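Encoded as C-alpha cells, the structure appears first; notes follow it.
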Amino acid sequence: MQVFAFGINHRTAPVEIREQASFDPARLEAAVRDARDQGAANETTILSTCNRTEMYCVLEGERPDPALDWFCAYHELAPKEISPYLYRHTDTEAVRHAFRVAAGLDSMVLGEPQILGQMKDAFATAHKAGATGKLLNRLFQHTFAVAKQVRTDTAVGASAVSVAYAAVSLARRIFDDMSSKNVLLIGAGETIELVARHLTEQRVHHMVVANRTVERAQELAQHFGAEAISLGELPLRLAEADIVISSTASQLPILGKGAIEEALRSRRHRPMFMVDLAVPRDIEPQVDELGDVYLYSVDDLQGIIEENVASRRKAAAEAEAIIETQATGFMRWLDSLEAVPTIRRLRESTTAFRESELERARLRLAAGDAADVVLAELARSLTNKITHAPTAALRQAAQDGNPKLLDAARRLFDLPED
C-alpha cells in the first residue's frame, strides 16, 4: 500500500486555476463517493478551501494515475492544463505534508488555525461517504494529534499576524469577557469579514455591521448572526458599542471627535475600544485625545504583526522538528503492516499444529495412557512440527552460504551467538 497526496495551493496556482479545481462543499460527499466508486484509489479524502485543493489517497500499487485521471475528469480539465500547477507527495512526503498543512505551516498566513478545522471537516465527509479505511483513518487521527501537539508545544499560532486578528487580539487584552460586549463593525469588505469571523470564535454574540450599501451589510451580517445598518444610522447606534472596528474605502473620516464625545456622554464614559484599519483613516486622529477611548490605527498594529511574524517563524522551526519525528513514527507503523499477513499465517499454522496434537493427546489420555508420557510426547511433537520448516531452511542457507538468513534466525528467536 502507498500513501499519495497531490493538489494545488496558493503558492503553485493562481486563483483562476484554483477556482477551476475546487469542489463545491455541498457536493463534496458525492464527489468523494464518486472517486471511490470509479476506483480512483482504495481510500481517499478531499480537502478543498479557497487557498488549496488536495486529495489524500491510499493506492494498491505505485501508480497514482487513476486518482489523477479522476481528478481531471471530474473538473473537465486536460491533464496538461493542470499538471504544471500540481504537487505530488508519496509515503513519508505525503504524511509530512498532511502534518504541515494541519499545523498551519503551509498556509498563506503562517500558523493560522482555520485549516485544522477544515481538514477535520474534509475527513469527516470522506468517512461518512465510506471512502476512508484503516490507513487514512489512522493518518488523519495522527494528523490531528500532531497539529494539537504543535500548537501546544510551540508558539506557531500564538501571535497575531493579520490586522484583523491583531485587532481582535488587542480587544481581548482590554476586555476579559468578549462574549458580553457589543461590537460595531464599519464596512463590509474582506477585512471586516475576517474580523467578524475572529470575533465569532471569541463567542461575541452581538455585532452590528454598518455599511454605505445596506444590502452588502445584510449579506455579511447574516453569516454571523449580526445586525445590518446604514452609515446614516451610526450616530444613533454608536453609544451602544463597546468595540468599534472600521475598514472602509472612504476618502473622508466617517467618525469625528464630536460624534465620539456625544456617544461617550450617553455611555456615561464607559470605555470604548476603537481600531481604524482604513487608509485613509475612517476615524479622526483627534479621537485619541479623549480619555475614555482606546484608539489604534493600522500602523499601531503593524509593529505587533511584524514582531509576531518573526516569533512564528522561530516557532515554525520547532514545529518542523516535531513533524519530522511524527512522520517517521507513522511510516514505521505503515511499514509494520507489511508483516501482518505473514504473522497471521504463522499464527494460523502454529494453531493448526497445536489443535492437531491436542486432539491426539486427548485420544491417548482417553485410552488410558499415562499423563506424563502423553504430555512429554505432546511437547516433543509440537517442538518438532514448529521447528521443522525453519530448521530445513537454515540447513539449506548454510549449504548455500547465506549468512543473512542465519543472522535473521538468531534475531528472530533471540538465540545466543555461537
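Annotation note: Cβ proximity below 7 Å between a residue of segment 105-119 that is free of Cβ contacts under 8 Å to residues at least 40 places away in the same chain and a residue that is assigned to a helix (DSSP H, G or I) and crowded, with 20+ Cβ neighbours inside 10 Å (sequence gap 6+ or interchain) occurs for 116/102; 116/147. Being outside any loop (DSSP other than H, G, I, E, B), of a type in the set (Val, Ile, Thr) and more than 24 Å from residue 157 (Cα to Cα) is a condition met by no residue of segment 302-318.
Those residues that are under 19 Å from residue 250 (Cβ atoms) and either in contact (Cβ under 8 Å) with a residue 24 or more places away in the chain or among the polar types (S, T, N, Q) (or both), I need them from segment 220-230; list them, please.
Keep residues of segment 220-230 that are under 19 Å from residue 250 (Cβ atoms), which gives 220, 228-230.
Residues satisfying the conditions are 220, 230.
Tally time: how many residues in segment 138-163 are part of a helix (DSSP H, G or I) and at pLDDT 85 or above? Walk me through it before giving the result.
Initial filter on segment 138-163 (part of a helix (DSSP H, G or I)): 138-153, 163.
Imposing the further condition that a residue be at pLDDT 85 or above reduces the set to 138-153.
Looking only at that region, the number is 16.
Against the test of being closer than 20 Å to residue 91 by Cβ, in a loop (DSSP other than H, G, I, E, B), touching a residue at least 12 places away in the same chain (Cβ under 8 Å) and not charged (D, E, K, R), the options 5, 67, 40, 13 yield a single qualifying residue, 40. Just one of the numbered conditions (1) at pLDDT 95 or above; (2) closer than 23 Å to residue 211 by Cα; (3) not basic (Lys, Arg) is not true of residue 322: (2).
Mind listing just one residue for me: the one in segment 370-416 that is under 50 Å from the mean Cα position of the chain (by Cα) and among the polar types (S, T, N, Q) and, of those, surrounded by the most Cβ atoms within 10 Å (Cβ to Cβ)?
Kept after step one, since they are under 50 Å from the mean Cα position of the chain (by Cα), are these residues of segment 370-416: 386-387, 389-390, 393-394, 397, 402-416.
If we keep only those that are among the polar types (S, T, N, Q) as well, we get 387, 402.
Values: 387: 12, 402: 14.
Across segment 370-416, the extreme among qualifying residues is 402.
Checked against the criterion of being closer than 30 Å to residue 147 by Cα, under 29 Å from the mean Cα position of the chain (by Cα) and surrounded by 10 or more Cβ atoms within 10 Å (Cβ to Cβ), the candidates 312, 332 yield just one match: 312. Consider segment 92-114 and keep the residues that are in contact with an Asp or Glu (Cβ under 8 Å, 6 or more places away or on another chain) and either farther than 12 Å from residue 56 by Cβ or of a type in the set (S, T, N, Q) (or both). The one that is surrounded by the most Cβ atoms within 10 Å (Cβ to Cβ) is 104.
Scan segment 358-369 and give yes if some residue there is closer than 24 Å to residue 90 by Cα, surrounded by fewer than 11 Cβ atoms within 10 Å (Cβ to Cβ) and out of contact with any strand residue (DSSP E or B) (no Cβ under 9 Å at 6 or more places or on another chain), otherwise no. Taking every residue of segment 358-369 in turn, none turns out to be closer than 24 Å to residue 90 by Cα, surrounded by fewer than 11 Cβ atoms within 10 Å (Cβ to Cβ) and out of contact with any strand residue (DSSP E or B) (no Cβ under 9 Å at 6 or more places or on another chain).
Take the residues in segment 268-290 that are over 44 Å from the mean Cα position of the chain (by Cα) and part of a loop (DSSP other than H, G, I, E, B), then tell me which one is nearest to residue 191 (Cα to Cα). It would help to see each step written out before you state the result.
Start the filter on segment 268-290 by keeping residues that are over 44 Å from the mean Cα position of the chain (by Cα), which leaves 268-269, 286, 289-290.
Then drop every residue that is not part of a loop (DSSP other than H, G, I, E, B), which leaves 268-269, 290.
Numbers: 268: 31, 269: 29, 290: 26 Å.
Among residues in segment 268-290 that are over 44 Å from the mean Cα position of the chain (by Cα) and part of a loop (DSSP other than H, G, I, E, B), the one nearest to residue 191 (Cα to Cα) is 290.
If the condition is being under 20 Å from residue 45 (Cα atoms) and at pLDDT below 95, then segment 4-16 contributes 9, 10.
Can you name the helices (runs of 4 or more DSSP H) wholly within segment 328-418 that have at least 1 residues being among the hydrophobic types (A, V, I, L, M, F, W, C) and under 30 Å from residue 98 (Cβ atoms)? Spell out how you get there, then give the answer.
Values: elements: 340-366, 371-400, 403-412.
Where helices (runs of 4 or more DSSP H) fall fully within segment 328-418 and carry at least 1 residues being among the hydrophobic types (A, V, I, L, M, F, W, C) and under 30 Å from residue 98 (Cβ atoms), they are 340-366.
Of the residues 6, 71, 23, the single one that is farther than 20 Å from residue 139 by Cα, of a type in the set (Phe, Trp, Tyr) and under 19 Å from the mean Cα position of the chain (by Cα) is 23. Evaluated against (1) touching a Pro at 6+ places or on another chain (Cβ under 9 Å); (2) aliphatic (A, V, I, L, M); (3) in contact (Cβ under 8 Å) with a residue 60 or more places away in the chain, residue 252 falls short on exactly one condition, (3). When residue 292 is tested against (1) more than 23 Å from residue 181 (Cβ to Cβ); (2) touching a Leu at 6+ places or on another chain (Cβ under 8 Å), only condition (1) is not met.
Among the residues making up segment 205-219, those that are in contact (Cβ under 8 Å) with a residue 12 or more places away in the chain, assigned to a helix (DSSP H, G or I) and surrounded by fewer than 22 Cβ atoms within 10 Å (Cβ to Cβ) are 214, 216, 219. In segment 129-140, the condition of being outside the structural domain of residue 241 (by TED's automatic domain parsing) and touching a Gly at 6+ places or on another chain (Cβ under 8 Å) is met by no residue.
The values are calculated or read from the model by the stated rules, or taken from the named source; none is laboratory data. Bear in mind the structure is a predicted one, so any value in this text is a computation, not a measurement. Note that each Cβ is placed from the backbone with ideal geometry, even for glycine, and that neighbours are counted across all protein chains shown.
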